[in-house]
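**Student:** Take this structure, written in structure tokens, and hold onto it; I'll ask about it next.
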Amino acid sequence: MKDSLKPGLTFEFQYKVPENKTVPNLYPEFPEGQVMPDVFASGFMIGLFEFACIKAIKPHLDWPDEQSVGIGFQLNHTAATPPGFTVTVRVSLRAVEGKKLTFDIEADDGVDPISKGSHERFVIHAAKFKGAVAEKLKKHLS
């Protein structure tokens, strides 16, 4: 982590919601989802927030050797967003506690606020993390 990774860092990101990021596309193998409304799925929204945070901190990490993984979410989803709308995500790095990062997040779709909350991430060394996952997979397969 670089010395520039400090609380107060802000980032804004816009994303036009495509047809394939709606509720019926979240888990297409579940028939219940196929009859759900064609709106931006909460699962995809959370993923979008993760990538907004990743984009915010990438210049402040020794990328790609250092990366970050999500470890906590405290978010709401308060309005439906149809495909074609542009979601604006605003993140602010509230705290840096060692390798743990806490972000405040707000998002709107140009008409309504759609989410507000916080997200925690942990800075990892990519090779070490991937090695640990490979070891876990070996245990599972044996």
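The values are calculated or read from the model by the stated rules, or taken from the named source; none is laboratory data. Nothing here was measured: the structure is a model prediction, and the numbers come from that model. Cβ: placed from backbone, ideal geometry, glycine included. Neighbour counts: every protein chain shown.
Conditions tested, residue by residue: (1) surrounded by 13 or more Cβ atoms within 10 Å (Cβ to Cβ); (2) modelled with pLDDT of 95 or more; (3) touching a helix residue (DSSP H, G or I) at 6+ places or on another chain (Cβ under 7 Å).
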| site | (1), (2), (3) |
| --- | --- |
| L26 | yes, yes, yes |
| P31 | no, yes, no |
| I54 | yes, yes, no |
| P64 | no, yes, yes |
| D104 | yes, yes, no |
| V111 | no, yes, no |
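**Student:** Inside segment 33-78, can you point out the residues that are aliphatic (A, V, I, L, M), part of a strand (DSSP E or B) and within 28 Å of G110 (Cα to Cα)?
**Tutor:** Of all residues in segment 33-78, those aliphatic (A, V, I, L, M) come to 35-36, 39, 41, 45-46, 48, 52, 54, 56-57, 61, 69, 71, 75.
Retained after the next criterion (residues that are part of a strand (DSSP E or B)): 69, 71, 75.
Listed by number, the list holds a single entry, L75.
**Student:** Can you find, within segment 18-32, the residue that is farthest from the chain's Cα centre (by Cα) among those that are touching a residue at least 24 places away in the same chain (Cβ under 8 Å) and in a helix (DSSP H, G or I)?
**Tutor:** Here is the first cut: in segment 18-32, the residues touching a residue at least 24 places away in the same chain (Cβ under 8 Å) are 18-19, 21-22.
After this cut, where a residue has to be in a helix (DSSP H, G or I) as well, the list is 19, 21.
Numbers: E19: 19, K21: 14 Å.
Taking the candidates together, the pick is E19.
**Student:** Which of (1) under 24 Å from H77 (Cβ atoms); (2) exposed (fewer than 11 other Cβ atoms within 10 Å of the Cβ); (3) not charged (D, E, K, R) is the odd one out, the single condition A134 does not satisfy?
**Tutor:** The one condition A134 does not meet is (1).
**Student:** Quick check on segment 93-123: of everything there that is more than 16 Å from the chain's Cα centre (by Cα) and β-branched (V, I, T), which residue is nearest to F73 (Cα to Cα)?
**Tutor:** Within segment 93-123, the match that is nearest to F73 (Cα to Cα) is V96.
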